[in-house]
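Novice: Please find one structure pasted underneath; my questions will follow.
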Amino acid sequence: MTEALPFDERYIPSLNEYLQYYEKSLDDLEGFWDGNARQLKWYRYWDVVLDRSNPPFYKWFVGGETNINLNALDRWVGTSLENRVAYYWVGEDGSRRTISYRELFREVNRFSFVLKEFIGVGKGDTVTLYLPMIPELPISMLSIARIGAIHSVVFSGFSSAALAERIVDAESKVVVTADGFYRRGNIINLKERVDEAVAMARDRGVDVEKVIVVKRLDGNVKMHMNRDYWYHELMAEAPQKVYVPPEKMKSTDILFILYTSGTTGKPKGIMHSVGGYMTYIYNVFKWNWDPRPEDIYWCAADIGWITGHTYIVYGPLMHNMTSIMYEGAPDYPKPDIIWRIVEEYGVNTFYTSPTLLRLLRKYGDKWIENVDLSSLRILGTVGEPINPDVWKWYYEKIGRNACPIVDTWWQTETGAAMLSPAPGIALVPLKPGSATLPLPGIVADVIKEDGSRSEPGEKGYLVVKEPWPGMLMGIWGDPDRYINTYWSRFSDPEKGIWIYYPADYAVRDSDGYFWILGRADEVLKIAGHRIGTIELEDAIITHPAVSEAAVVGAPDPVKGELPIAVVTLKEGYTPSEELAEEIKETVRRVIGPIATPKKVVFVNKLPKTRSGKIMRRIIIAMLHDRPIGDTSTLEDPSAVEELKEAIESLKKSF
Ligand code: WTA
């Protein structure tokens, strides 16, 4: 066990105290969640805590009725807590907005009225949100949840084609967007992308009837008659002090869909439930951040991803927290912008990704020397494995050897953290690079290919062996894919054994600590963002010169990994720098800039099996200087030699 670190006396590590709490949670799992759910407001309590009758379609708090607004907003209104600031919003251009719980409640009620009465959104309808990091994004999410509709937030960095695909899959008739936003001093015209997406969706049979546009910039965009409406104009028509009662939702209704990448080209619409998600994230937020009434809290993620849903919107609001919401890039106008904001607002809890830490560390410590970071109390990280040296930098330089590092392992599918230290219960001794132990109520393990438990130090697959309330309810419109993706690999339905498979490699050490080793499937984590290699390949082959493509991740010192595209060209095309650039541009256009390949490598043949399957593992092995293993199934062994040369010269260019 590593030595205990010199924390403030509130966080003296105590493994035993934590383990006692943890073990007690498992003694009566359902009783544990029942008690935790009762801390929240419900219209009606449940008849059954967990319905296991149709696995893996578990149902939490069956018979219960609630609305997340009751716990995120309404419970603060009419009490002195309504005056607390919900969000300090910081725009990239230096503009600021401060929104109290009371103001947020007013806005949400008015927008709920607008959606219901003017736009005609009803219970169960899906609404797509394509918004930058502005307060209207949480306002829209809460309003949609309030009236019992389902939000599907699409990250504002995605292209119009990616947006269209998500609109079509969710069959959204209504989209909420903005005219644009600032990114590194440039103006991003979001509305134009929405217009393109709406046209593409129409070609695929889904008609978006209404587009609501928030004016973030000068409003100089094209508006379509009878389809596009300005948010501020609609809001001006709604009564000032309208109250829209939160719709009574079943615990098992869907709160939101959030698309994430998997191992096919089609993104998965992950569905989260009203009651289970609410209960789980309320508790995990408390365990992770030990919230206190005067805290200033900052999760520096984008609401377009699950981290933002749980840790910028619903989690902090359910705890009456004051959050920072930041619109801009982490190093613009200067590499100290993040730390300057921490200093200005006296941030106590700060949660971010290893990619951001690596980026800021690279700029050098001179950017932190003259800022006062003494307000910080807890630091968090999420999204990818954190390198031990980056962990130490975070701990020493940002946390001044006094803040626990809360490394949280989880997924879009899990709702909130699953493995992580829990200073809100009892801090366990920390180890740089380990997400430590499962949170209460979570039965996690590391197992081998044959399903048996891995020995300490032996690499295996991370699995979860009991349902938890924050679990996804399924994949929108695709129940079979839900079973196949998450519940097939290690389950044994005949024996009634159901095991959740997250597709991450992990190892446990002799103290039982979990170390996450990366994805076990064809999904990349690019700067912490989850992008499927097959999605990238599908995008690349839309370029007219490309015949076939294989995408793999190559290590990157800042972004963790970046895609490398190995492509073959059609007859009549020859490799060139221009063509490589065009292919990168195609990816930007089809998916978005975050997915842009680092390099495009041209070969005559891809390594394929006789049945035509691309053997990405050969390319990966070459990139990492590992033995390429068995190649007997290759259709044409000569592909290997050529590829080897290409990858060797690529590595020299890194
Ligand atoms: C990876 C993000 C190591 C992992 C919340 C997981 C991590 C995927 C960690 C989910 C961590 C997340 N350490 N790896 N602390 N947190 N991951 O859905 O591969 O965008 O399966 O959710 O990120 O990515 P997603």
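Novice: With free of Cβ contacts under 8 Å to residues at least 60 places away in the same chain, open to solvent by 10 Å² or more (accessible area, probe 1.4 Å) and of a type in the set (A, V, I, L, M) as the only criterion, which of I139, I167, I188, I119 stands out?
Specialist: Among I139, I167, I188, I119, only I188 is free of Cβ contacts under 8 Å to residues at least 60 places away in the same chain, open to solvent by 10 Å² or more (accessible area, probe 1.4 Å) and of a type in the set (A, V, I, L, M).
Novice: Take T485 and decide whether it is in contact (Cβ under 8 Å) with a residue 12 or more places away in the chain, surrounded by fewer than 23 Cβ atoms within 10 Å (Cβ to Cβ), among the polar types (S, T, N, Q) and closer than 24 Å to T310 by Cα.
Specialist: Details: in contact (Cβ under 8 Å) with a residue 12 or more places away in the chain: yes; surrounded by fewer than 23 Cβ atoms within 10 Å (Cβ to Cβ): yes; among the polar types (S, T, N, Q): yes; closer than 24 Å to T310 by Cα: yes.
Answer is yes for this residue.
Novice: I would also like to ask the following. Got at least one residue in the stretch 422-437 being within 30 Å of F256 (Cβ to Cβ) and in a strand (DSSP E or B)?
Specialist: Yes; the residues of the stretch 422-437 include at least one that is within 30 Å of F256 (Cβ to Cβ) and in a strand (DSSP E or B).
Novice: Going through the stretch 519-531 one residue at a time, which ones are over 18 Å from A416 (Cα atoms), open to solvent by less than 20 Å² (accessible area, probe 1.4 Å) and near the ligand (Cβ under 9 Å from one of its atoms)?
Specialist: Of everything in the stretch 519-531, just one residue is over 18 Å from A416 (Cα atoms), open to solvent by less than 20 Å² (accessible area, probe 1.4 Å) and near the ligand (Cβ under 9 Å from one of its atoms), namely V523.
Novice: Any residue in the stretch 575-601 that is of a type outside the set (V, I, T) sitting within a Cβ distance under 6 Å of a residue that is at pLDDT below 95? List the pairs, counting only those 6 or more apart or interchain.
Specialist: Close Cβ pairs (under 6 Å, with a partner that is at pLDDT below 95) amount to K599/L650.
Novice: Does the stretch 598-606 include one or more residues that are farther than 29 Å from P557 by Cα and among the charged types (D, E, K, R)? If you could, list the steps in order and put the result at the bottom.
Specialist: Filtering the stretch 598-606 for residues farther than 29 Å from P557 by Cα gives 604-605.
Next cut, among the charged types (D, E, K, R) only: 605.
Yes, there is a match, as at least one residue in the stretch 598-606 is farther than 29 Å from P557 by Cα and among the charged types (D, E, K, R).
Novice: Is it the case that the stretch 542-561 has a residue that's outside the structural domain of D302 (by TED's automatic domain parsing), touching a Pro at 6+ places or on another chain (Cβ under 9 Å) and open to solvent by 20 Å² or more (accessible area, probe 1.4 Å)?
Specialist: Yes: one or more hits.
Novice: Any idea which of N83, N36 is touching a helix residue (DSSP H, G or I) at 6+ places or on another chain (Cβ under 7 Å) and under 19 Å from I281 (Cβ atoms)?
Specialist: On inspection, the qualifying residue turns out to be N36.
Novice: Now for a separate question. Out of curiosity, is N71 surrounded by 15 or more Cβ atoms within 10 Å (Cβ to Cβ) and at negative phi? Lay out the reasoning, then the answer.
Specialist: Working: surrounded by 15 or more Cβ atoms within 10 Å (Cβ to Cβ): yes; at negative phi: yes.
Spelling it out, N71 is indeed surrounded by 15 or more Cβ atoms within 10 Å (Cβ to Cβ) and at negative phi.
Novice: Let me ask you something else. Since L427 meets every condition but one in (1) crowded, with 22+ Cβ neighbours inside 10 Å; (2) in contact (Cβ under 8 Å) with a residue 60 or more places away in the chain; (3) under 19 Å from T279 (Cα atoms); (4) assigned by TED's automatic domain parsing to the domain that holds N348, which condition does it not meet?
Specialist: Going through the list (1) crowded, with 22+ Cβ neighbours inside 10 Å; (2) in contact (Cβ under 8 Å) with a residue 60 or more places away in the chain; (3) under 19 Å from T279 (Cα atoms); (4) assigned by TED's automatic domain parsing to the domain that holds N348, L427 breaks only (3).
Novice: Is it fair to say E537 is crowded, with 20+ Cβ neighbours inside 10 Å and of a type in the set (D, E)? Before you say what the answer is, go through the steps one by one.
Specialist: Values: crowded, with 20+ Cβ neighbours inside 10 Å: yes; of a type in the set (D, E): yes.
Yes; evaluated as a whole, the condition is true for this residue.
Novice: Inside the stretch 271-296, can you point out the residues that are surrounded by 24 or more Cβ atoms within 10 Å (Cβ to Cβ) and closer than 22 Å to L131 by Cα?
Specialist: H272, the sole residue that qualifies.
Novice: Restricting the search to the stretch 408-424, which residues are more than 10 Å from the ligand (Cβ to nearest atom) and open to solvent by less than 20 Å² (accessible area, probe 1.4 Å)?
Specialist: P421, A422, P423
Novice: Taking only the stretch 393-407 into account, find how many residues are in a loop (DSSP other than H, G, I, E, B) and either surrounded by fewer than 19 Cβ atoms within 10 Å (Cβ to Cβ) or among the β-branched types (V, I, T) (or both).
Specialist: 3
Novice: Shifting gears a bit: Exactly one of these conditions fails for I306: (1) open to solvent by less than 30 Å² (accessible area, probe 1.4 Å); (2) farther than 29 Å from G275 by Cβ. Give me its number.
Specialist: (2)
Novice: Let me ask another. Look at Y87 and say whether it is in contact (Cβ under 8 Å) with a residue 60 or more places away in the chain and within 24 Å of I150 (Cβ to Cβ).
Specialist: Yes; evaluated as a whole, the condition is true for this residue.
Novice: Can you tell me how many residues in the stretch 534-550 are within 17 Å of E581 (Cβ to Cβ) and in a strand (DSSP E or B)?
Specialist: Total satisfying the criteria: 2.
Novice: Which of the residues that make up the stretch 76-103 are assigned to a loop (DSSP other than H, G, I, E, B) and surrounded by fewer than 18 Cβ atoms within 10 Å (Cβ to Cβ)?
Specialist: Of everything in the stretch 76-103, those that are assigned to a loop (DSSP other than H, G, I, E, B) and surrounded by fewer than 18 Cβ atoms within 10 Å (Cβ to Cβ) turn out to be V77, G78, T79, R84, D93, G94, S95.
Novice: Condition first: in contact (Cβ under 8 Å) with a residue 40 or more places away in the chain, more than 16 Å from the ligand (Cβ to nearest atom) and either of a type in the set (D, E, K, R) or open to solvent by 60 Å² or more (accessible area, probe 1.4 Å) (or both). Now tell me which residues in the stretch 360-391 satisfy that.
Specialist: Passing the criteria: K362, R377.
Novice: Would you be able to tell me the number of residues in the stretch 493-516 that are assigned to a strand (DSSP E or B), open to solvent by 50 Å² or more (accessible area, probe 1.4 Å) and either within 15 Å of the ligand (Cβ to nearest atom) or touching a residue at least 24 places away in the same chain (Cβ under 8 Å) (or both)? Give the derivation first.
Specialist: So in the stretch 493-516, the residues assigned to a strand (DSSP E or B) come out as 497, 500, 504-508, 514-516.
Next, from what is left, pick out any that are open to solvent by 50 Å² or more (accessible area, probe 1.4 Å): 497, 505, 515.
Subset that is either within 15 Å of the ligand (Cβ to nearest atom) or touching a residue at least 24 places away in the same chain (Cβ under 8 Å) (or both): 505, 515.
Total satisfying the criteria: 2.
The values are calculated or read from the model by the stated rules, or taken from the named source; none is laboratory data. Keep in mind it's a predicted model, so treat the numbers as computed, not measured. Ideal geometry is used to build each Cβ from the backbone, glycine not excepted, and the neighbour counts take in all protein chains shown. Areas reflect the complete protein model, heavy atoms only, side chains present, ligands, DNA and RNA absent. Shrake-Rupley method; radii C 1.70, N 1.55, O 1.52, S 1.80 Å.
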